[in-house]
Each structure stands twice: as structure tokens, then as C-alpha cells.
Amino acid sequence: MTQVTSILSSLAESLRRHAGVLRSASVLTLAVLLGVLSTACGEPPTATEDPVAVRTEPGELVFHPDTRPVAVSLVNISEKPVVIGRVRVDESTPDWVGFAVGDDAKPGRLAPGERMTFHVGVDSGYFLGSGDVRPVVEAEGEQLVADDEYREGKARLAFTVDGQDHGGMPIRFEDPSWVGQYLGPALVKILLLVMGFIMPLASLLTWMERKQSAMMQDRLGPNMAALKIGGANLRLWGIPHFIADGVKMLFKEDFIPRKAHRALYSAAPLFAFIPALVVFAIVPFGDALCYDRMLEPLSAADVAQCADGRGGTPLQIAQIDVGLLYYFAVASLATYGTALAGWSSYNKWAILGALRASAQMISYEVAIGLTIVGALLVYGTLEPHALVKAQESSYWGIALQPLAFVLFFTAAMAETKRAPFDLPEGESEIIGYFIEYSGMRFGLFFLGEFIEVIFMSAMLATLFLGGWGLPFGMLGPAGFSSPLMAQLFLFGAGAGLTVMGVAAWRTGKAGELFGATVALVGIIHLFIGVWSLFTGWGTEIPHILVVGLGMIIWGGKVFLLCGVQLLIRWTLPRFRYDQLMSLGWKGLLPLSIANIVLTAILVYLLMPGANPAS
Amino acid sequence: MSNHDSRSTSSTIPPTPGTLPPPSVAPAPRVGMDPRPHAPEGWAPPVAPNRPAEPTEGQETVTLTIDGKEVTVAKGTNVLEASGLLGEEVCHFCYHQGLSIAASCRQCLVEIEKMGKLQPSCQVPVAEGMVVHTSSPTVLKARREMLEFTLKNHPIDCPICDKAGECTLQRHYMAHDHQLTRVDVPKIRKPKHKDIGREIVLDAERCILCSRCVRFCEEIPGTAELTMSWRGDHEQIDIADGHRLDNAYSINTVDICPVGALTAKDFRFAIRAWELHATPTTCNGCATGCAVELHTKHEQAYRVVPRFDPAVNGHWMCDEGRYTYKELDPQARVHRAEVDGATVPLADAIATVATRLTKARKLAVVFSSSATNEANDALRELAEVLATSVKGREGITATRYVLGHPRGEGDAILRDADKNPNTNGAHDAAAGSAGDVDKHEAELALELAGRAYDAVLFLDDSGELSEVALAGLANITSVCLASRRTPLSSACSIVLPAASWAEILGTYTNRQGLLRVVQPAWRPEHDRKHRADLLRDLMLAMGLRNVATAKERTRLLADEHEHAELQALVTDPKAMRPTLLRWANMRG
Amino acid sequence: MTISVKKVSLQRTTRDQIFLPAILEGLLTTARHFFKNTFTPGHGDVETIRYGEPGVDVKDYYPERFRGVHRLMHREDGSVRCVACMCCSTVCPARCIYIEAEDRRDDAEKAPRSFVIDELKCVVCGFCVEACPCDAIRMDTREHWIPTETRAEAVLGKVELMSRGEQSVAVQGGLGASYREQAPKADPRFTHDPR
């Protein structure tokens, strides 16, 4: 006990001593964890005192003209059994005729926690044109619509609970415009993702790459650029260097070699840069956002409905069913950028680099494609959003497909053309396909490379690391929950981190602060674990917070994976070209095929739904 | 070149040591006399008399053993020279191939079997069956101790000594002695930087008393200004009372001085010897055509030193010839073509000259006795071309002149009164053309002053014309192939940039009728070209084809004279590359 | 004639062949450095001297034998000690020393009329100091050559070089004739040559 006290006191001492120099990463981690903790500190949910002890999922039903019948659940959230009466559409609502409750809604008794699921459908033809029940008074909320358009409609799903009338569930019919449904949200999401995340992170990575490599090699790295605001001279660990770099690139001479093909030479950077950005369309950076009820806790069905586009929008720019194929299609366009840059430069080194790049990218795309098949077999979908949802409900891809993770990581690094796969660039031998480029044209290649790094991190996070989710379903649509696995994880990780931290801290003066930070993180884990033991840590939090946390978690994963890529880039030496090719064709390709076969057998044997014979 | 061959060929006529030089040849009257220079009656190159080495046919030979190797040499050879046949000569200071034997330095001591003491090898004539050891322990020890003795009073001020880098004492010290001094008493002080002549400064401290300079003054110019004075430690070189070392060959004493005791005022402190590149070439100071080396660095010449040539100059050259390098002053060079005072591209200038010459009605071409055979030959060809009528133009016969430096002083040793290197060649070329016989400078000046011509082509920038004649040049088409700014080239209306003698491969014909070779020390920069090539451009601009280049003319000459050395130079231009003195054998 | 080739097969274990353990080891090493240097105050193992930062004096870090800007030493009478022997300009690998000699008209006999060092060309090798027989040129100023705005400012003449210099009392040949009176007795250890 005294040892613990002494450790804690010296921990506090150490923290106090080094408070001024806490590095950004540890501060960020602490802030996130403390934020989570403080949110969790609210009252744990209890059964409502309302006689209506039944909750509808979703809370509000939204129909679009082409919506198929929707599954609706009634959940008993009280602590005693209830009797559900007949479920019907309330005839007193204006458009009750347009909706119908399916036959599977059977009145009956619901045990505590039990749920009854049935379907509700819509007759969208009823809403075509102005309709039969035209309001008499034209002034009040009249909708004047053409005969081939849909008007809005409202109704209510009504039922009785223990004989009392339940508040029911509002039903809405709407036909949002294309702009409101698709274009507007998409533009906002593109802005949010590109301007709010990708570009800042890519710029930051240019600094981070140099700073991190410096730290890895016992150097200082960039630290001199400063923002001079008033009297203050903000050095910010050299972060302003990327601003200085940007300014430099913009104002540098834009040189075009005399014999270069001017048009293609100018277009090549765009060919390399644009696909790198466009592939981000399929990356889900959060679950779904419900426009109307951001401040209330929502159920999974609510969010699923929003994810479907009804009453909300999925946090993904384009929800395409063939999502990953789209990625392959667009990413392979980037090869044109490099090939054209090399060819149009009229430089032998450039064309060598371009040839290497083309061969390398084509070789490794095969491996990437085959690697992902394993994940497809397990999760049964190509759509990234659905993939993440599937991981949420089972296990992360890294647990189910460890081999695929390694193979994909390797091939993805090769796709980004960075060390140890930087033969197309090979700055110590041929400089590569962009040897002739300068100024912002070079800047586009440079930035494009980092955007590819971010994209690969995002893909890794989406395919193998559960996208925006916390492990073991700790963060659901409604808020935090702590199943047994999560508790085990919290205790295990907490204990491990604490021991490691203390060990690192005790080894020497140099590791003191780092060790203390790790130990602190471990103790927080333990604390949350203990907390969740007593409370179940099931906390419903407002929808907007869940979405925000999800995005932060996703961003954190991407950032960390970028860091890992930088770490690899600055650790491993470059391959020789024959090694590169033999790794691609003789290593990754057979292994990924083996992974497919193995996964197929296991899926056939272990997943009943996947076995057509059963 | 093998020194030994030539020595034996010219051993019959020794110079007379100790006699006064013959009176210098007075400047010859110009008109009505054969202008071609000839060597004085009975003249022979000043090569030392009694230096047989390799036996020639019919000569009596002696066979001896040196360091275990048998060698057969001509009778009368001394042991030192015999050892030279086997490789390196025994190390020495006072012995010089071109001078008499003094045996004063005692550096060349060798062990000869059946002789009790070590013997100075330079003084011992070979004998049949003699067995000589040049590197036995005794000899090596003696050699070291002699060196240490020599160095006892030497000031070792190599940092300020001009000889450093080409110093025999340095070389022998590094090769044979290489030890720290054991002298701990003050050294003897003697006069430093003593002005003993027009060209020479003496540093008596550095002197090792080899007496080479004394013997030179006695034997070659025969003036005997230098002498040894005092005795023992205090012995030193000095000038004879009331005399100064002012003979016309005095700088040779600097060349033969094995240390830096005698330094030339002109070269003193100018540059360090090891920075220089040496180009073997020919002196163009007079009609003798001495073999010399031009020492240069970065396209600047620093000195001219004699090169051994038994056929012409032996080991020596005159002081006057040494100053010919001053003609190569980079400040005075002509780099670009000028037409009527304006700098124009060379091709334009050539075109202008071609147009104007073909339009000329009365034309004079001036051959130059200071230009090479190639240039004079090209001018001859041009004159013949101009004389030929072609379609649209009537041929005009140009009047031919030969112009050169004015005559100067000559003597019976090396200097000739004709101060042009190639008078013979120029006259050969001028006379080789059909038409007029050649005329003289004076006539040219008169005729120019009288506006006798509307076009004149000068092959060279040298030559002295009267002010009036020069003034006459300004108003006519006067073309000068000039390598430097002289009154003549400045007076001409068109100047074509010609390469100087330090930039070309070419030949002179000296007063003996021998072909003398000049080699390039650096490439001509800017628009400068060999004169023959400039004239070739001119002929090409006139529509001719297949005009020989300068190099082709040189090759023809070499073949004609069967001059093997020149043939090699033409075939392999790499052979002309100057040698860095730092790597070459040190002189001394 | 044949060239015999000895074939050596690489002995690779399975662990080597799957690469991953070695890669992870490497990553751990670099990561350890990264975390240590990033999260330790004062940047852990980073040895970089922060030149230009306030409070950091460059000269504190210069080693004892640091080679700085050249200087020319003086004689007793304040004249230049150099005798223009050109040893430095000869040995200079960058060819950055230009000397023109002149007659001194005293015992020292020879002196540089101009002595120019182009500090932009200089590679700070110190050969000139090694080569100097007279202790005339030194590089012990501990002054780092500071970039200048024009090239001409970086070309130092005799006056500037001498302005950094001081009197040298080293005994060497450069003193001219008077060195003989000052010469110490020869060290007996070196007088005997075992040869």
C-alpha cells in the first residue's frame, strides 16, 4: 500500500513537474478519456415512471415513396410484464389511410425487456397529387402539389398498453427533394471531410513525417518556423513549417521542361491528386446523423432509419453498394497520374520511375483485391458502412481476419508508393516520376501521397478496426454499454498499461513522464472498468454526442494508423525491385488466396447463415 | 631526345674557354644584301668538348662494372657519366655536362675496387675492368656525410627561396640525407640578396660553392666575371673587382645553380617553380632558334629556360631570348576580330576581308619573318589564289614583302643579329610565289606612305613602319593578322585575331636551315586562331575548297624534313600536353 | 581460364523468412526512440546543439582545436610574418588562397604583396596551417565564418587577415637570418639516425 502511495505521489509530483511540457498526444488522450468519463457519470438509465412502460423503436417512423415495409419494435422497458393491445394506425390522424400495419403485429404479453417486432408499410400512391382529403380551408397548411408529385403526410401508430392508450409512434411521409436528400448533405459532408479532416491532416502529416522521423533518429526536426502574432513568437514544435512549405510551393517557379508534353505535364498532378481525394467518398466516418432529434438518446432502429436516409443521413459521402469495387476502380486511376507524369516529363529518370510505379501498383492491386475477399466472405457485404455495422455486431476484422490485415497493410503501403516500397520515387537513385516537377505541381504529388496515406489508414480502420466504433460494442447507437468482453478488456488493458507504465517510469529519468502517462491511462481504464462493474456503465447519451464521439474515435484511429505508417516508412529500408515483385507475386498473392480458401472453409463450417446446406 | 648521340657528333669544335667573346656582328645594311641569316663562319653549337659516353662506331671502348652490371662506354668517359648509362647518374652538385670538371663538391664519391680511397666519380676516367660500387654502405655514408657538411652553413630558407621545388640540394637531401641538423653553433653569415648584375641577385649564404657559375662565365661567354673569394667557412662567390655579371648569357648561371644562390631578377618571387607547366618549344628571339622551355601557369607565361639541343644551342640561351615571353602579355592580346574599329564575329570579319580583297585593284601581301612556316605558306597560297582569274573576277598579282623585327645585336656564340625566328622560311615562301621578287621594309614604308596600294594584308603584327606609313594604312583596306596590340596592328583597319606562338603548333626555319618546332602551351581562347587557319577561312570564304589546315601544312613539312619528333606531335596531340614541373624531374 | 564461383546458400530460419518478427523488432526500436525523445523533457537522447536559440553560445560547443576563420600572424615589428612561400596555396585543396609575393628589402627578404583567402571556397580543412613553415597562418580564431550578403565580403585580404592576428613568437625559418641566434639546441634524440 505504501508503495502504491509513493508511486501515486511521485506520479503526481512528476506530472506537476512536467505539466508545462505535456505533449499534445497525451493531452488529447486524456481529454478524450476524461470526456467519456464525465459523460458516463450521469445517472444510469432507469425504467420510466410513465405508465407507458413501452418504448417504440424507432421513436419516429419516416417513409419515403419507395420505402419497403419497415420493421418496428415495441420494447418493454419497465420491470413488470405488460399486455399490448391491438396495434393500428390512429384513424384520427389525417393520413391514416396511407399506412398499414402488417399481420405480424400480434397483441399479447411482453415480459420485461422483451420486444415485439412487426412491419408497417406505406401506400405511396395515396400521397400522389393533392389527394382525396383535401383540406377545406386552403389557408391552413395547405399543400399545393402537382398530380405527379407526392405531398407530405402524417399519421400515428397507436396501441394500448395494459389497456391504457400509449402515446404511440408518429409516422411521417415525405418526399424530400434531390437536393435536400442527396446533394446538400453530400456537399456538407465533403466539406466536413475534406476541409475539416483530410487536408489539415495531410498538411500536418508533412510536418509530422519530418518531426516523427527526427524523434526516431534522435534529431530535433523542424522547430524554427514560428507564427509571429503581435509580440508572441509561437514556435509550436515546428508545426508552422507546413504553412511555410505551402507558401513556398505556391510561390516557387513553376518549371516545365522544354521538351515536356505541356498539356499532360500539367494534367498529371491532377490525375494523381484527384483520385486520391475521390476515393474518400466511400469511407464512413461515423454512423448516421438524425436531423430532428440530435439532443435525445436514440435507439439503434432510429439510427438505422437515418442511415437509410429517412429522417437523417449516413456519415458517408456516397453509400454505394459496390463500395470497395469503387475504391479499386478509382484508385487504379492514380496510376495514370504517375505514368503520365513520368512520360510527359521527357526525362529518363522520370520515365523509369513511372514504369516502376505502374508495375508496382498493378501488381499490388491484385493482392489488395484478393485480400479483401476474406473480409467480404465474413461480413457478407462490400459496402463500407455495412461492413462497420457488421463488425460492431460481431468482432473486428483484425480479430477475424488477422492474416488479411497484415497482407492488406503491406499491399496498401505499396500502393501509397512510400518506403519501403518507394522504388518509383527512390530519391537516392532516380528521384522518380516527379523529378521535373516544382512548385505547387510537385506539391500536389506530395500532398496526394499523404492523402493516400490517410486513405489507407481510413480503409484499414474501416475494414479491420471497426470504423468509428469502440471495441466490444462499448459505444452503441444509444450510448455506452459495457458487456462482459468490454469489462474484461478494460481490466486487462488497464492492468497491463499500468504495469507497463510503472515499469517504464521506474527504468530511468528519461522515461519518467512517458511512464507516468501510460500508467495514468491504465489507471483510467481500471477506473472505468470498476465503474462499469457496479453500474453496468450503460449510459444513454444524446445522439449528437454519440455521433461526435464516433467521428473522434474514427479520426483517432486514422491518425494513429498514419503514425504507424510513418513509423514503418522511417524504419524499413527500401526493397530491391526484384524483391518487391517477388514479395507481391510470390508472397502476398499466394497468401491472400490461401486466406480466401481458409476463410471460405471456416465460414462454411462455422456460420450457419452462410451455409446454404443448413 | 638522346643527349649522348648528339654530343658525340658535335665534339670536334670546342669553344675556347677564357677568351673574350668575338665582337658582335654589326647591323647589316638593308638594301642590296641577302637578308637571309646565316650562322657565322666556323660556328658550332656551344657543346662541351670532351663528353663521350655511348660509344660511336670506330671509337675505342672501355668495359667496366658498375654495381655488378657491365657497361661498355667510349674511352675517356668518366665514371659518373658511365653510371648515367645504367640509369640515374651518381648524385652530384658541381658536375655539369656542359662545363669542365671541377670535382669540388665531393658529392659523387664512389668506391672503386683497388683504389684505397673513395673517388669523385666525375673526375675518374673509366678504365678497362674497373669495378665501381655506387651504393655500397661506405658510399652511402660518405654521401650523407658530404650532404650534412654541405648543409652546415646553408640557411635552409626554402620558404623564401625561389629555387625551392627545383633545387638539387633539396632533392638530394630528401633522397640521401633526411636527418635533423646536428649543428648547434651559429651559422656563418654571408651577404644575402646582393645585386651582382643587370639580371642576377646573389645570396651567398645559400651557395654550396660548386663553382658551376664561375666555370660557366669562364667557358661559355668567356667573360669570367665571377670568382671565389675568401677561404674555408667564409669562402663565397663574388664578382671580380670592378666587374658586374653583365654578360649576355648571365641568366644561365641561375639555371645551372644547384641551389638558390643565384636568382634572376625577372623571375624572382614571381611564382613558385612547382606551379609552372613546361612546354618544350623554340625561342623566337632571333634566327638561331634555340630549343627552350616555356614555363606557364593559367595562360600566363613566367619564364623561358633553355632546353638541351646539341644541334643548335647546347645547354644555353641568351638573356635577350628569355624576355620573349613578355610578348605573351595577356593585357596586350587581341581576342576578337575588329573591322573599322568595331568588334565583330570572326566569320563576319573574314567575309568582309574576302569581299574587300577580291575588290582590291592594287594589293600588297606582307609575309612575316616572325610568323611560322605554315602561316607564310598559307599566305603564299592566298597570293596565288588572288592572282588567278576566275569567273566574275580578274586575278590581281599582289606585291610581296617580308616584314619582321628590326635587326639587333649578334655574337658568335648564340645570338644572331636577325631578331626574327623565321626569316628563312618567310623568304622561301615569298619567293615561292610566282611574280614579283620580294621587296624590303623600307620600300614598303615608302610605298604605303605614297598610297601605292588600296589593300594590304599583314601576316603578323611585328615590324616597325614609319608614322607616315602607318597613317596611310588607315584609309585603305589594311588587314593585320594580329595576336597583340602593336602600332602596326592598331593602325590597320581590319584586325583578325591570331594565336600567338605560345598557342600553336608550328615550325620555323632557323639560320642553319633546321626546322624548329613551337608547341602550344595553352589553347587559344576567344576567336584566336592559327594564322594559317585564318587564311584558310579566308580562302574558303572566297569560294575555294580543299584548303589545307595549319595542321596539315605542319604534317607536310614534317614529312618533307623527315622530322620524327614533329611527325609524332602532329599524329598525337596528347604529346603536346605541357608537363607540370612539380612532377617533372627537378632541374638543376 | 575459368573463374571459380563459390556458392554460399543463405542460412535462413523460418523466422527470417516471414520477415514480420524482424520488422516488428525494428519498429519497436524506432518507436522506443520516438516515444522517449518525444515525451521526455529536453528531448531525451537528442544531442542536437540548438545553435541560434537564445541563450546558446556557439563557442561553448566548439572543440579545443576548432578551425575558424584564418588569420595572419605578425612579426615583432608588426609586419606580416608570412614569407609568401605559397605552401598554403599549393596544398589548399579548394584553391582558395591567392598570394602575390614582393621583395621586402630587409632580412626577411620576401613578403606577400597581396594575400587573399576566399572564405566561400575554403573547405576549412586546415591544411594551410599544417603546411605553413613560418607559423604565419592560423585558424584558431574560434570564429565561425558567417554568411555575407555579397561574395566580395567573403574574400579576405591581407589587412583583414592581419587584423585578427597577433605577434607570433614561434621559432621558425620565417624570421629570416635572425632565427639562427634564437634557434634552440638540437634535440639529441633526433640527431642520430639509426640508418
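Please treat every number below as a calculation from the coordinates, not as lab data. Computed from a predicted structure; not experimentally measured. Neighbour counts are summed over all protein chains in view; Cβ atoms, including those assigned to glycine, are modelled from backbone coordinates with ideal geometry.
Brief remarks on what is shown
- Neighbour-count order for A:ILE243, C:ILE97, fewest beta carbons within 10 angstrom listed first: A:ILE243, C:ILE97
- Rounded to 10°, Cα long-axis angle of helix C:20-39 versus longest principal axis of chain C: 50 degrees
- DSSP finds beta bridges in the protein assembly as shown, and of those with both partners inside it, around 80 percent are antiparallel.
- Counted over region B:330-579, the DSSP beta bridges are approximately 35% antiparallel.
- Restraint check, A:LYS211/C:LYS59; A:LYS189/A:LYS389; B:LYS192/B:LYS419; C:LYS59/C:LYS158, Cα-Cα greater than 30 Å: B:LYS192/B:LYS419
- Between A:MET500 and A:PHE255, the C-beta separation translates, for a Förster distance of 35 Å, into a calculated FRET efficiency of about 0.10.
- Residues whose placed amide H lies under 5 Å from that of A:HIS119, excluding near-sequence neighbours: A:VAL72, A:GLY102, A:ASP104, A:ALA105
- Sites B:ALA270 and A:ASP578 - FRET efficiency at Förster radius 45 Å, r taken between beta-carbons, to 0.05: 0.10
- Remark on chain C: ratio of C-alpha radius of gyration to 2.2 N^0.38 Å is 1.68.
- Simple spin-label estimate for B:SER229 and B:HIS298 in nanometres, 7 Å along Cα-Cβ: 4.2 nm
- Taken one residue at a time, the phi angles of region B:286-302 give Karplus couplings (6.51, -1.76, 1.60, θ = phi - 60°) of 7, 6, 5, x, 5, 6, 9, 10, 9, 9, 9, 8, 6, 6, 10, 8, 10 Hz. Gly and Pro are set to x.
- Between B:CYS122 and B:LEU80, the built amide H atoms are under 5 Å apart, and every one of these is 5 or more places off in sequence or on another chain.
- Considered as an equivalent ellipsoid built on the Cα gyration tensor, chain B has semi-axes of 51, 25, 22 Å, the largest given first.
- Here the convex hull built on the C-alpha positions of region B:483-585 has a volume of 161 cubic angstrom per residue.
- Highest-first packing order for the peptide set B:344-350, B:531-537 is B:531-537, B:344-350, based on the mean count of other beta carbon atoms within 10 Å.
- Antiparallel content of DSSP bridges confined to chain B, in %, to 5: 70 percent
- Here is the short version for chain B: B:CYS91, B:CYS108, B:CYS122, B:CYS158, B:CYS161, B:CYS167, B:CYS207, B:CYS213, B:CYS217, B:CYS257, B:CYS286, B:CYS318 have no other Cys C-beta closer than 4.7 Å.
- For B:LYS574, the aspartates and glutamates whose Cα falls under 16 Å of its own Cα, not counting residues fewer than eight places away in the same chain, are B:GLU503, B:GLU565.
- All aspartates and glutamates inside 13 Å of B:LYS190 as judged from Cα atoms, apart from same-chain residues fewer than 8 positions distant: B:ASP203, B:GLU205, B:ASP233, B:GLU235, B:ASP238, C:ASP107
- Cut-off under 5 Å, modelled amide H: who pairs with C:ARG113 long-range: C:GLU100, C:ALA101, C:GLU102
- Spatially proximal lysines relative to B:LYS114 (Cα-Cα < 29 Å; intrachain offsets below 8 disregarded): B:LYS69, B:LYS75, B:LYS141
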